[in-house]
Every structure is written in structure tokens, then in C-alpha cells.
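What follows is one structure encoded as C-alpha cells, with my remarks underneath.
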Amino acid sequence: MATTGGTGSGGAVKSAMRTLDIIEYVVAHPTGVVAQEISQALSIPVSSLSYLLGTLVDRQYLVRAGRLYQPGSGLDRLRLAPQGLPLVERVRPLVRTLRMRLDETSSFFVQRDWQIEAIITETAEHTLRYSIAVGALTPMHCLAAGKAILATLSEDELAAYFAGTLRAQFSANTIIDESQLREELARAREQGFAVTRNEYTPGICGIGRVLRDAGQVVGSLAVAIPVVRCDANVEASAGETLKTIAESFSA
């Protein structure tokens with residue numbers, strides 16, 4: 001029986017060719033086609049086709065209306081220059097790359113007053129993993145993504161932050177003291193990324209780095225790693241990966 005992929009390059013190429021064939025066939029029939037018609041027209045087994053169609057729908061290259069598959073908005077995005085896309089669409093591939101490289105839950109956050117909001121998140125495939133709800137608001141002091149943004153603020157902005165926040169204690173490790181938090185921010189500036197250890201959720205470490213667009217901070221990328229998998233080497237490796245991905249965006 002044919003498969004959608006394989007361990008060898010031949011299987012991967014066959015899967016890629018089938019994916020392109022599906023897209024081209026659906027685009028040629030914009031009013032919509034059913035899976036059975038695609039299977040027959042392209043000689044793709046239904047078992048393989050269902051996986052490929054599901055992936056294309058998830059990535060918005062196709063949309064499903066009842067039984068019909070039609071071209072999706074993802075195809076329109078491919079024709080746009082990156083600068084013409086909304087920030088969330090430009091950052092989504094970065095989050096996916098981060099998750100794939102580290103296989104840890106990866107997210108993009110933006111600042112909302114003195115909180116951060118999760119805009120994009122991809123959950124790790126490990127059995128032991130951390131999940132983050134899109135739209136969730138969290139105080140800046142207890143997540144690596146928030147600390148990374150705080151570390152970029154001017155002295156006047158930091159003074160306003162410390163004067164205007166209470167900084168709740170979420171765990172025994174949450175850093176709420178101003179002088180200690182300032183030390184953390186200085187360390188984040190020096191190493192290029194911020195770290196939290198058991199500060200918001202016990203058992204979870206976070207590593208975060210700001211993302212800049214045209215020199216301006218637009219948010220921060222972060223990974224959440226269970227402490228059983230997070231040591232100094234893992235933190236350093238994650239920090240380097242974040243640096244590489246963030247710099248590729250602002251290059």
C-alpha cells in the first residue's frame with residue numbers, strides 16, 4: 001500500500017509531489033471537489049489522501065465546506081510580500097520552527113499594558129509537556145517572555161512598571177522584589193534571553209527572547225520546558241536557537 005511519506009528521500013519526494021498535485025487540482029476546480037474525486041483523478045489512495053488534505057486544511061492552503069475542498073487563504077498569503085502580511089502570519093512560521101527544532105511548547109507573546117498575551121502557540125509532542133492558551137494574559141514578571149520585554153525598557157519605563165504593578169507571588173520561586181527582578185533583567189540583557197524557573201507554574205522553565213521588526217520590539221518568542229528536561233546546557237541551546245530564529249526575522 002502506498003504511504004504519504006517514508007524514511008527515505010524517495011518517500012518524502014513522493015509525498016511532496018502529491019501535495020503539490022492536490023493543490024493544483026483543487027485550484028483548477030475552485031467551486032470545490034470531494035476527496036473521492038481527487039483520489040481518483042490523481043491516483044492517490046484514500047488513506048494517504050486524508051492525511052494530506054487534513055494537513056493542507058490545517059495550514060489553510062485548502063478549506064473544507066461540507067464534503068467539498070476549495071482553495072484557502074494560505075495560497076493568497078504565498079503571493080504577498082512578507083511585509084504585506086499581518087504580524088501574526090509573519091511570526092507563525094517562526095513559532096513552528098522553534099517548536100520543531102526544540103520539540104518543546106513554543107509561543108509568541110505581545111505586551112498588553114503590564115501583561116503579556118499569548119498570540120501564537122504550538123504544543124510539544126512529548127507526553128510530559130506544557131500547554132498555553134491563545135489569548136491568555138499573564139503578568140510580565142513571572143514568564144520569560146515578559147522578562148525579555150521588560151529587559152528592553154528604558155529606565156523611565158521600568159520605573160513606571162515597578163511603581164504601577166503589585167507583582168503577585170505565583171510560587172515560592174516567583175521573583176517579586178524590585179532589586180532581584182532588576183538583577184534578572186540585567187542578566188537577560190547580558191545573555192540575550194530571559195529565563196524563569198518554576199516562577200509561574202511549578203515544574204516548568206521558560207526561555208524567552210524579544211522579537212524586533214525594523215528595530216522595534218514587537219513581542220517575544222519563548223519556549224516552556226519541564227524542569228526534568230531543562231538544565232544549563234538545554235537553556236543555553238534554547239537561547240541560541242531563539243537568537244537564530246529572532247535574528248532571521250529582523251534581518
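The values are calculated or read from the model by the stated rules, or taken from the named source; none is laboratory data. Not measured: the values here are computed from a predicted model. Here the Cβ is made from the backbone with ideal geometry for all residues, glycine too, and neighbour counts use every protein chain on show. The protein model used for the area step is the full one, side chains on, heavy atoms only, and it has no ligands, DNA or RNA in it. Shrake-Rupley method; radii C 1.70, N 1.55, O 1.52, S 1.80 Å.
When the convex hull of its Cα atoms is viewed from all sides, the stretch 22-120 shows a mean projected area of 8.7 nm². From zero outward in steps of 5 Å, how is the percent of C-alpha pairs of the chain spread across the bins? The percentages, shortest bin first, are 1, 6, 12, 15, 14, 13, 11, 9, 7, 6, 4, 2, 1, 0. Dipole of the chain computed with +1 at Lys/Arg Cβ and -1 at Asp/Glu Cβ about the Cα centre; of Ile22, Gly208, Leu137, farthest Cα towards the positive end is Ile22.
In order along the stretch 170-186, the phi-based Karplus estimate (6.51 cos²θ - 1.76 cosθ + 1.60, θ = phi - 60°) of 3J(HN,Hα) comes to 8, 8, 5, 9, 5, 8, 10, 5, 4, 5, 5, 5, 4, 4, 4, 5, 5 Hz; Gly and Pro are listed as x.
The Cys residues in the chain with no partner Cys Cβ within less than 4.7 Å of their Cβ are Cys142.
Round to a whole number: what % of the accessible area of the chain belongs to carbon and sulfur, probe 1.4 Å? All intermediate terms of the calculation are to be shown ahead of the outcome.
Numbers: 6850 of 13030 Å².
The value for the chain is 53 percent carbon and sulfur by accessible area.
Summarising the overall dimensions of the stretch 62-157 from its C-alpha atoms, the Rg and Dmax are 16.7, 58 angstrom.
Where q = 0.11, 0.12, 0.22 Å⁻¹, what log10 of I(q)/I(0) comes from the Debye formula for the stretch 138-251, counting one point per Cα? Log10 of I(q)/I(0), two decimals: -0.33, -0.39, -1.26.
Using a probe radius of 1.4 Å on heavy atoms only, what accessible surface per residue do you get for the chain? Whole Å² is fine.
52 Å²
Mean separation of Cα pairs under 8 Å and 6 or more residues apart, divided by the residue count, gives the stretch 137-251 a relative contact order of 26 percent. Here the Gaussian network model covers the chain, with springs between Cα atoms less than 10 Å apart; of Val223, Val33, Val110, Val33 fluctuates the most.
Using only the C-alpha atoms of the stretch 108-183, find the volume of their convex hull and express it per residue in Å³. Don't skip to the end; give the middle numbers.
Details: hull volume 8.1 nm³, N = 76.
Spread over its residues, the Cα hull of the stretch 108-183 gives 106 Å³ apiece.
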